Structure formats: C-alpha cells, structure tokens
Amino acid sequence: MKIIMPIAGIGTRLRPHTHMIPKSLIRVAGKPIIGYIIEQIESVNFSEMIFIIGYLGDQIKSYLRTTYHFPMKFIRQMEYIGLGHAIDQAKNEFPEDEAVLIVLGDIIFTADIRRIVASPENMIGIMEPEEPRKYGIVTVDDQGYVTDMIEKPENPPCNLAIGGLYYFKSAYNLFESIKFIIDEEIKTRDEYQLTDAMKNMMRQGEKFKIFNMAEWYDCGEKETLLQTNRVMLEKYATNDKIPGSIINPPVFIGHNTRIENSIIGPYVSISDNSCVKNALITNSILGFETIVENTILDSSLVGDNSFLSEAPKEFNVGPDSEIIFTK
C-alpha cells in the first residue's frame with residue numbers, strides 16, 4: 001500500500017500568512033498541521049508516501065525530509081484544477097496495482113487507520129460539520145454503503161460530509177476513473193473532482209463504505225484555525241511557569257522563547273525563538289521568531305519573523321470619565 005497526500009493548495013483563506021508559508025506548515029499548539037496528520041498515518045504498513053506539492057513546495061519538502069525518515073516522494077502539480085487532477089499526478093508511481101490511502105494535508109483528525117486499511121472494501125471517512133454545504137456530501141443506505149456523492153451542494157440532503165480520508169483497494173481502478181473524467185471533461189465547479197471519479201467507480205460496480213472520523217478539525221481559515229488550536233492545546237499544552245509573568249492554561253510555549261512581565265493565556269501558542277514583553281495575550285497563535293511587545297492581543301494570528309509593538313499611551317483622565325477603544 002502507498003499513501004498519497006495532496007498539499008499543493010495556495011491557502012488563500014489564510015492570507016497573508018500563506019504568502020510566505022504553506023498552509024500545512026502553519027503551527028497549531030506548537031506543531032505544523034502536517035505533523036499531526038503524519039502521526040496518525042505513519043504507524044500503518046506502507047511502502048511509500050507520495051506528496052503532491054505546488055505552492056511553496058520546497059518548504060514542505062525540506063521540513064519532511066529533515067523531520068521524518070520513511071520512504072517519500074514529491075511530485076509537483078503545475079496546474080490547480082481539482083483534487084482529482086492532483087491525485088492523478090501520482091499515477092506513474094504505481095507500476096503494479098495495490099491499495100492506496102489518500103489523506104488531505106490541511107486537516108487534523110483522529111481515526112483508526114489500521115482498521116481502515118485492513119478493510120476488504122473501499123472506505124470513505126465522514127464527519128458531521130455545522131455547515132455541510134462547504135464539503136462533499138454522501139448519502140448512505142442502512143448498511144453504511146454510499147448511494148450518492150455531491151460536491152458542495154447548496155442544499156445538502158444530509159450532513160454526512162467527506163472528511164478528506166479515503167482508502168481504495170485498487171489504485172488502478174481509481175486512476176482509470178480519474179482518467180475517464182479528465183478525458184470526458186467531467187468537472188464540478190470547473191475542477192476535476194475526486195467525488196466525480198468515485199461516482200464513476202460506483203457506476204462501474206465499485207462500492208464504498210463510510211467510517212466515522214473520531215475527531216476532525218478544519219485549519220482552512222483564521223477562525224477555524226484558532227478553534228483547532230484551542231482543542232490541540234487541551235492535549236499538548238506545556239503550561240510553563242514563567243517567573244514575573246502569569247500563565248493561564250492551556251498554553252504552549254516553544255523552545256528558546258522569552259516571556260517577560262506578561263499575562264499569557266488561555267489558549268495561546270507561541271512558537272520557538274520568540275519574545276513577548278509587557279503583553280496580555282489570549283486565544284492567539286504566534287509564529288516562529290516573533291517579537292510582541294507592549295500590546296494586548298485576542299483572537300489573533302501573528303506570522304513567523306514578525307515584530308509587533310504598540311506605542312505607549314499617556315492619559316490625564318478626570319472623574320466620571322469613560323474611554324473606549326474600538327476596532
């Protein structure tokens with residue numbers, strides 16, 4: 001079995017942060033998103049992990065090669081025309097037919113991967129989001145077999161959303177179906193979608209069964225990234241005690257990070273080699289080698305190598321006064 005991870009996306013919803021760093025390397029509770037994903041899948045028996053890279057792909061390649069030591073290959077996607085097209089880039093890496101696990105590179109999840117890859121059937125991971133119209137939707141029968149798939153419908157027939165984890169018993173069947181939708185110009189939202197390829201497989205007699213992903217966290221935009229950070233901090237917080245400062249758990253503080261005369265937390269992640277002075281920070285993520293001074297932050301993302309300092313203010317406020325700073 002091989003694993004394919006498409007991580008070529010530009011991450012437009014997380015700009016300006018993704019102007020300089022790929023989305024999969026943004027840190028949550030001190031660890032890159034892709035690190036959480038690999039922790040879930042590297043324990044299963046696989047021969048190679050194939051990464052489909054594109055935008056800022058060299059950063060991903062460098063991180064993975066220096067951090068992990070399993071067999072890996074990198075393929076650059078030159079056009080961004082859908083998930084089906086991204087996966088198709090790996091077809092030449094399968095000289096023989098074998099099983100393939102596909103894992104999207106921008107989600108954090110937990111699932112019983114070993115049970116999934118031991119299944120005699122094709123499998124699709126599902127979750128139940130608050131806004132299912134943002135995702136691919138499946139309908140199922142009483143036995144848990146997929147009866148239909150719809151890519152991001154305006155009026156979803158149910159809230160069973162595809163969670164970005166797929167297991168195919170035959171890579172050849174998958175690639176043949178992707179070839180079909182590309183050759184026939186079958187697109188949804190002007191892209192070659194994996195859901196359309198799977199629907200074609202179903203028409204050819206293939207069956208797909210669903211499994212529930214125990215946990216699923218979106219990292220695609222600022223608000224959901226901060227929510228995911230809160231969840232991960234409940235598991236991975238360091239909650240260091242800092243003389244002269246107050247730490248309100250859960251908080252993650254990276255290596256070689258200096259905190260002075262500050263109140264940090266709850267729900268704050270500060271990456272390595274950063275410095276925080278005279279600040280009050282809650283519900284925020286601070287990047288690598290970041291300096292924050294003399295300020296109050298809440299629900300904020302501060303990127304790598306950033307400097308943020310607020311000028312001191314001087315007031316002469318008389319009795320019965322009220323001063324309000326608005327955004």
Point to revise | Meets criteria (crowded, with 19+ Cβ neighbours inside 10 Å, of a type outside the set (Ser, Thr, Tyr), on the phi > 0 side of the Ramachandran plot and in contact (Cβ under 8 Å) with a residue 24 or more places away in the chain) for residue 82 | key: yes
**Study point:** segment 140-154, residues that are without any contact (Cβ under 8 Å) to a residue 60 or more places away in the chain and closer than 20 Å to residue 193 by Cα
**Key:** 147, 148, 149, 150, 151, 152, 153, 154
Practice item. Considering only segment 98-125, state which residues are part of a helix (DSSP H, G or I) and farther than 13 Å from residue 170 by Cα. Key: 113, 114, 115, 116
Review point. If you go through segment 26-83, how many residues are under 24 Å from residue 229 (Cα atoms) and of a type in the set (Asp, Glu)?
Key: 2
Exercise for review: Within segment 217-243, count every residue that is outside any helix (DSSP H, G or I) and touching an Asp or Glu at 6+ places or on another chain (Cβ under 9 Å).
Suggested key: 4
Point to revise | Restricting segment 1-43 to residues that are among the polar types (S, T, N, Q) and outside any loop (DSSP other than H, G, I, E, B), the residue that is surrounded by the fewest Cβ atoms within 10 Å (Cβ to Cβ) | key: 12
Review point. Yes or no: residue 181 in a strand (DSSP E or B), β-branched (Val, Ile, Thr), crowded, with 16+ Cβ neighbours inside 10 Å and at pLDDT 90 or above?
Key: no
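For (1) over 17 Å from the mean Cα position of the chain (by Cα); (2) at pLDDT 90 or above; (3) on the phi > 0 side of the Ramachandran plot, each residue gets a yes or a no:
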residue	(1), (2), (3)
8	no, no, no
11	no, no, yes
22	no, no, no
35	no, yes, no
42	no, no, no
45	yes, yes, no
51	no, yes, no
54	no, no, no
Practice item. Answer yes or no as to whether residue 173 is part of a loop (DSSP other than H, G, I, E, B) and surrounded by 14 or more Cβ atoms within 10 Å (Cβ to Cβ). Key: no
Check your understanding: If you scan segment 69-97, which residues turn out to be aliphatic (A, V, I, L, M), assigned to a loop (DSSP other than H, G, I, E, B) and under 18 Å from residue 174 (Cβ atoms)?
Key -> 81, 90
Check your understanding: Can you spot a residue in segment 103-123 that is without any contact (Cβ under 8 Å) to a residue 60 or more places away in the chain, surrounded by fewer than 21 Cβ atoms within 10 Å (Cβ to Cβ) and of a type in the set (A, V, I, L, M)?
Key -> yes
**Study point:** Selection count, segment 184-210, where residues are in a helix (DSSP H, G or I) and at pLDDT below 90
**Key:** 0
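The values are calculated or read from the model by the stated rules, or taken from the named source; none is laboratory data. As the structure is a prediction and not an experimental result, all values here were calculated from the model. FYI the Cβ positions are ideal-geometry reconstructions off the backbone, even for glycines, and counts take in every protein chain you see.
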